[in-house]
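The values are calculated or read from the model by the stated rules, or taken from the named source; none is laboratory data. Quantities reported herein were computed from a predicted structural model and do not represent experimental measurements. Because the Cβ atoms are built from the backbone with ideal geometry, glycine has one as well, and the counts that use them run over all protein chains shown.
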Amino acid sequence: MPAGRFLLLPMLLAVAAAPLPAQRPIQVEGIKNLAFGLLLAGTPMSVLRTDAVRAGQVNITAQPKSSIIIQISLPASMSGPAGATLPVAFGPSDAGYSALGDIGSQVAFDPRNSTVVLTNTSNGRGTLYLGGTASPAFNQQPGNYTGTITITVAYP
Amino acid sequence: MRTSLKFVLALAGTAAFAAPAAAQITDNIDATATVLQALTVNGDASLAFGNIAPSQIKTVAAGAAASGHFSMAGAPGSSVSFRFNALPATLQIAGLTLSAWTGLHRDANTAAGATAFTPTAGSAESVTMNAADGNYFVWIGATLTAAGVVAPGTYTQPVVLEVFYN
């Protein structure tokens with residue numbers, strides 16, 4: 001029936017024409033390692049997320065004034081010479097986020113859990129800062145140690 | 001008309017999936033650390049004044065055969081400091097006074113060519129451990145003055161050297 005056909009077409013066109021939200025592609029860039037520096041066997045070393053020299057730093061760019069989810073995969077230890085491992089731990093305030101890219105104005109969060117933050121209102125940027133604690137054993141093998149920290153960012 | 005309806009449905013379906021999906025993006029940073037070799041220090045040789053008579057003054061120079069000698073070991077090429085937290089004023093008894101401390105230090109176990117310093121209680125010397133083997137050496141000397149009356153006997157007094165990473 002002609003009336004039925006003409007009614008159906010506009011409805012389909014209305015659905016097809018509705019614009020989906022445009023979102024800037026997310027960019028995640030590791031800027032600085034979490035650098036515990038020189039350690040003595042048997043002496044733990046903590047790096048604060050506010051340490052401008054040693055704290056890890058990751059820059060994020062996404063849609064301005066948008067919510068993003070940050071998830072961090074943390075190592076339980078760093079690997080060193082001859083298979084030696086050096087324990088590393090992260091506490092409830094060892095991560096921080098600043099939409100201004102200012103290490104002095106970050107909001108703390110637990111890096112062991114995902115967190116939702118807002119990107120900068122004007123440019124869509126944000127910066128993640130990370131601290132932690134390394135605990136070499138009394139008989140820790142001397143040498144260089146490294147561990148990988150993975151940061152994943154997505155829109156909710 | 002069924003043909004037209006099917007065509008419109010296909011277009012609608014295509015348009016609905018044309019927008020880009022929100023992606024999750026990942027990057028890595030590292031956690032890094034360097035564990036230093038443990039520092040050790042050994043007193044290898046005593047500062048030996050040998051025999052001294054009452055009223056005698058005897059000097060043993062740093063680097064001499066009878067001078068005191070310390071060996072240190074740590075991470076090759078690392079920066080460390082050493083110091084004497086205290087230097088004894090007497091050799092166990094009041095009648096035997098110690099003064100005019102002298103010192104030498106270098107990263108090889110040979111006094112010739114070593115750097116001279118004046119051991120001072122609480123004052124640290126900053127040095128670099130041998131780049132190859134992580135060793136460092138210190139020699140000390142002093143002047144012993146015996147009083148006019150000193151009971152015969154053997155006298156000893158510890159001298160403690162502290163070393164730490166900078």
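Overview of results
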quantity: Single unsatisfied condition, residue A:109 versus (1) at pLDDT 95 or above; (2) on the phi > 0 side of the Ramachandran plot; calculated: (2)
quantity: Out of A:98, A:135, sole residue that is under 30 Å from residue B:74 (Cα atoms), surrounded by 14 or more Cβ atoms within 10 Å (Cβ to Cβ) and either within 13 Å of chain B (Cβ to nearest Cβ) or among the hydroxyl-bearing types (Ser, Thr, Tyr) (or both); calculated: A:135
quantity: Every residue from the stretch A:118-131 that is assigned to a strand (DSSP E or B) and at pLDDT below 95; calculated: A:118
quantity: Subset of the stretch B:150-166 that is over 22 Å from residue B:71 (Cα atoms) and in contact (Cβ under 8 Å) with a residue 24 or more places away in the chain - its residue that is surrounded by the most Cβ atoms within 10 Å (Cβ to Cβ); calculated: B:150
quantity: Residue list for the stretch A:42-84, filter: at pLDDT 95 or above, over 21 Å from residue A:29 (Cα atoms) and part of a loop (DSSP other than H, G, I, E, B); calculated: A:44, A:76, A:80, A:84
quantity: Some residue of the stretch A:119-132 being over 15 Å from residue A:28 (Cα atoms), of a type outside the set (S, T, N, Q) and surrounded by fewer than 15 Cβ atoms within 10 Å (Cβ to Cβ); calculated: no
quantity: Scope the stretch A:31-78; condition of a type in the set (A, V, I, L, M) and within 19 Å of residue A:119 (Cβ to Cβ); matching residues; calculated: A:31, A:58, A:60, A:62, A:68, A:69, A:70, A:72
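Table: residues versus (1) surrounded by fewer than 19 Cβ atoms within 10 Å (Cβ to Cβ); (2) touching a strand residue (DSSP E or B) at 6+ places or on another chain (Cβ under 6 Å); (3) within 24 Å of residue B:39 (Cα to Cα).
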| residue | (1), (2), (3) |
| --- | --- |
| B:93 | yes, no, no |
| B:111 | yes, yes, yes |
| B:114 | no, yes, yes |
| B:120 | yes, no, yes |
| B:138 | no, yes, yes |
| B:143 | yes, yes, no |
| B:148 | yes, no, no |
